[in-house]
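Asker: Attaching a single structure in structure tokens format; questions to follow.
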Amino acid sequence: MLEIRHMETLCAIRDAGSLQEAAERLHVTQSALSHQLRDLEVRLKTPLLNRRTRPARLTTAALRILALADEVLPRLKATERELQRLAAGRTGRLHLAIDCHSCFQWLMPALDAFRQDWPDVELDLSAAFSFAPLPALVRGDLDVVVTSDPQEIDAVEYVPLFRYELVLAVSAANPLAQHKYIEPEQLADQVLITYPVDRQRLDVFTVFLDPADVEPAAIRKAELTPVIAQLVASQRGVAALPSWALTEYVDQSWLRVCRLGPQGVWRTLYAAMRTEDLDADYLQAFLTQARDTCFKTLTGIKAVR
């Protein structure tokens, strides 16, 4: 029964102190205002104005509606302003998940730069290692998923960010260090160190070992790239990582990097987005900032042509 205009009417009466001034504030006649007030009283079956007093006073029922109005109307106005800014392309929501443990190296600087240019965009970042990020994107819980594992899903588009090479990190004391590239069979007697991710989401298996029907001697999991590097250095195993994730270690005497196969294994990193959001100005700005940051801070990556 209650409508926004009813709350606005009662607020005007309270703030103005009289029906005549309230009508002027609402740009209606006093007769129309009185008619609207009586119509609401009939609907609610209770008086809202004590007309026997001079000036007329708002009743307890009217004060209760005003309490609601004081809570609802400011939020309504704020939402209207937000929608106006959203329509102008200056605000929105960017809830982001990364499906790549080593992506923090370039993503955090990209988000810092983006935040300075788009302060009105609501930012949130989560690691998508313990949940399925693409269904969350479809549901609307997320707005962007950074992944190298695109899946064909209706209403989801994959915007390429860059191409990178997956390489094998080995200790300088490992016999594999003498090879420029490694064949799958050479990992059959090696401990393979991986991030704690499902096997079907690890490129070293899906595009290198599984097609050759090769299984490593053992698999060891570690959460962080520096921990993986230390395990490789102490000859606890080998690890397949993006080449740019090893940049700070390549000059160390203990590390060697080998290609996976004579041509190498190249993968593409994507930003997965809902099709309906592709044209949003702030999302396009984020994609531009992400690419710029990647090519300024990472080595060994290529543009997608």
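The values are calculated or read from the model by the stated rules, or taken from the named source; none is laboratory data. Worth saying up front: this structure is predicted, and the values here are computed from it rather than measured. Note: ideal-geometry Cβ built from the backbone for every residue, glycine included; neighbour counts use all protein chains shown. The accessibility values were calculated without ligands, DNA or RNA, using every heavy atom of the protein model including side chains. Shrake-Rupley method; radii C 1.70, N 1.55, O 1.52, S 1.80 Å.
Asker: Being free of Cβ contacts under 8 Å to residues at least 60 places away in the same chain, under 26 Å from E80 (Cβ atoms), open to solvent by 60 Å² or more (accessible area, probe 1.4 Å) and among the charged types (D, E, K, R): is that true of R57 here?
Answerer: Judged against the criteria, R57 is not a match.
Asker: Turning to a different aspect of this structure: Restricting attention to the range 180-200, which residues are open to solvent by 80 Å² or more (accessible area, probe 1.4 Å), of a type outside the set (S, T, Y) and at pLDDT 95 or above?
Answerer: Within the range 180-200, E185, D189 meet the criteria.
Asker: When the residues of the range 201-213 are narrowed to those that are farther than 20 Å from S102 by Cβ and not in a loop (DSSP other than H, G, I, E, B), which ends up most open to solvent (accessible area, probe 1.4 Å)?
Answerer: P211
Asker: Within the range 81-132, work out how many residues are among the acidic types (D, E), modelled with pLDDT of 80 or more and in a helix (DSSP H, G or I).
Answerer: Residues meeting the conditions: 2.
Asker: While we're here: In the range 214-263, how many residues are open to solvent by 70 Å² or more (accessible area, probe 1.4 Å), in a strand (DSSP E or B) and either over 20 Å from H101 (Cβ atoms) or among the polar types (S, T, N, Q) (or both)?
Answerer: Number satisfying all stated conditions: 2.
Asker: For the range 176-187, does any single residue satisfy the condition of being touching a residue at least 40 places away in the same chain (Cβ under 8 Å) and over 19 Å from P262 (Cβ atoms)?
Answerer: no
Asker: Further question: Determine whether the range 127-135 contains at least one residue that is open to solvent by less than 20 Å² (accessible area, probe 1.4 Å) and over 11 Å from the mean Cα position of the chain (by Cα).
Answerer: So far as the range 127-135 goes, yes, one or more of its residues are open to solvent by less than 20 Å² (accessible area, probe 1.4 Å) and over 11 Å from the mean Cα position of the chain (by Cα).
Asker: Next question, about the same structure. Give A78, A67 a once-over and let me know the one that is small (G, A, S) and at pLDDT below 85. Reasoning before the result, please.
Answerer: Details: A67 fails: at pLDDT below 85.
Matching residue, one of A78, A67: A78.
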